[in-house]
Amino acid sequence: MSKTIGVKRQLQNAVSQNRALSKTGLQERLFANAFTKLVYPQIWEDPEVDMQALDIKPHHNLVCIASGGCNIMSYLTMSPASITAVDLSPAHIALNKLKLVAAKHSPDYRTFHDFFVRGNLSSNVTNYEFFFRPHLDAQSNAYWSSRLGLTGRKIDMFKNGFYHYGLLGKFIRAAHLVARLHGVDLTDFIQCRTLDEQKRFFKSNVEPIFNSRLIKFIAKNRVSLFGLGIPPQQYEELANAAGGDILGALKERTRSLMCNFPLKENYFAWQAFARSYNQDGVGPLPPYLQINNLSKLRELTDRVDVRNETFTRFLSNTAANTKHGYVLLDAQDWMTNEQLNELWGQITRTAAPGARVIFRTAGIPTILPGRVDDSILSHWEYLSETSTKLNKQDRSAIYGGFHIYKLKDN
């Protein structure tokens with residue numbers, strides 16, 4: 001119990017910017033409490049874009065926010081020297097450790113595929129007990145053995161449909177329900193065979209839903225977007241990016257997801273509309289789930305260190321000039337100026353020559369100028385053109401901006 005309380009405190013410190021008894025302050029604390037549980041069964045940042053931006057080399061040491069782990073597992077296919085994955089959510093820590101153990105100890109690709117591509121077979125629980133549980137640490141085992149509902153265990157999520165769980169899974173389920181209330185079955189979208197068909201489906205079936213009173217009510221409620229991992233601060237950034245029109249921002253991000261990339265290339269769209277990865281053996285998958293990468297993962301899992309702590313705290317205990325890549329996801333959207341300066345001070349101290357930092361924002365511009373002190377930010381070059389180019393390639397399509405900073409030569 002005391003460990004859970006400690007995690008909640010750290011999360012509240014990370015996202016709380018307002019008085020506890022104010023409306024926004026209460027929402028921030030609700031968000032922090034939600035993040036002590038599973039939020040992302042899969043991550044919604046495109047790791048292939050990340051890998052291009054980081055330009056990963058064999059001698060590189062990376063530091064990343066772990067989240068659902070699809071990112072660090074995919075970076076590992078590039079054979080960096082090390083990856084440190086940090087996260088404050090005990091559920092995310094347990095999921096990352098399970099993915100690493102499964103990659104190393106699955107007897108074959110089919111076992112690994114059934115667990116993380118399908119995630120809905122009773123044999124997954126049997127395989128967990130036989131192949132994975134003996135190699136997991138006690139804390140991770142305790143998490144997966146803890147109660148799910150009245151009679152189940154959390155590991156049962158992998159026989160019931162893992163990607164239906166977590167805040168994100170529940171948000172997607174709610175979106176499907178709302179669409180059905182408007183006479184639209186979103187699963188029909190995966191029958192589209194061309195980009196033109198995808199665009200017509202959006203125009204005819206999905207765009208009209210955004211004009212409904214129900215959607216307008218939901219969009220105005222900041223708590224309703226917690227399932228996308230959007231705290232109150234980020235909600236405001238998202239709205240500001242669209243001139244205060246939060247509904248317009250959500251519609252445009254949905255259009256991008258549905259219309260900018262062919263379904264045969266976009267597993268994020270599969271997750272949103274089929275609520276699973278494409279299971280026919282030829283559909284798009286994250287790099288770490290592709291059959292040709294499992295043998296490499298087996299050899300490299302020991303290069304990953306998963307830690308239940310903040311990014312800044314980890315870096316404060318890290319030697320200077322030793323890290324080559326930093327992956328901040330969208331966490332900076334939550335931070336105060338003081339937190340940003342402390343973080344970037346540690347990034348700058350620990351960065352090796354040529355190091356890169358990547359992050360995403362709800363709004364379009366980079367958020368650092370004017371907030372991070374010039375004495376720190378002046379050490380970094382913003383790769384504006386590359387950032388814009390790679391942002392357009394991000395198949396998840398839910399962020400306004402993707403940003404790359406590179407340490408300047410002395």
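Key figures for this structure:
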read-out	value
Gained length - Val178 relative to Ala138, 0.36 nm times residue gap less alpha-carbon distance	10.4 nm
Solvent-accessible heavy-atom area per residue, rounded to whole Å², over region 66-201 at 1.4 Å	40 Å²
Vicinal HN-Hα couplings computed from phi for region 184-193 (Karplus, 6.51 cos²θ - 1.76 cosθ + 1.60; Hz; Gly/Pro x)	10, 9, 5, 5, 5, 4, 6, 7, 5, 10
Nonlocal amide H pairs with Val306, under 5 Å, H built at 1.01 Å	Ala85
Phi to ³J(HN,Hα) by Karplus 6.51 cos²θ - 1.76 cosθ + 1.60 over region 377-390, Hz, x for Gly, Pro	5, 5, 7, 10, 9, 7, 8, 4, 5, 5, 4, 5, 4, 6
Accessible carbon and sulfur surface of region 65-158 relative to its total accessible area, %, 1.4 Å	56 percent
Potential lengthening between Gln191 and Ala81 on full extension [0.36 nm per residue; Cα-Cα distance subtracted]	35.4 nm
Most positive-pole-ward Cα, Ala331, Leu289, Thr254, against dipole of region 241-336 from beta carbon charges	Leu289
Cα-based Rg of region 291-410 normalised by 2.2 N^0.38 Å, two decimals	1.14
Charge-dipole axis of region 310-410 as Lys and Arg at +1 and Asp and Glu at -1 on Cβ define it, positive-most pick from Ile347, Ile358, Leu368	Ile358
Mean Cα-pair separation over length for region 239-392, i.e. relative contact order, pairs under 8 Å, 6 or more apart, %	17 percent
Full-stretch length increase - Ala319, Lys389 - with 0.36 nm per residue and alpha-carbon distance subtracted	21.9 nm
Region 310-379: relative contact order in percent, alpha carbon pairs under 8 Å with at least 6 residues between	42 percent
Simple label model, 7 Å out from Cα along Cβ direction - Ala352 to Glu207, nm	4.9 nm
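The values are calculated or read from the model by the stated rules, or taken from the named source; none is laboratory data. Just so you know, these numbers come straight off a predicted model, no measurement behind them. Heads up, the Cβs are rebuilt from the backbone with ideal geometry, glycines too, and the neighbour counts pull from every protein chain shown. In case anyone asks, the SASA skips ligands and DNA or RNA and just uses the protein heavy atoms, side chains included. Shrake-Rupley method; radii C 1.70, N 1.55, O 1.52, S 1.80 Å.
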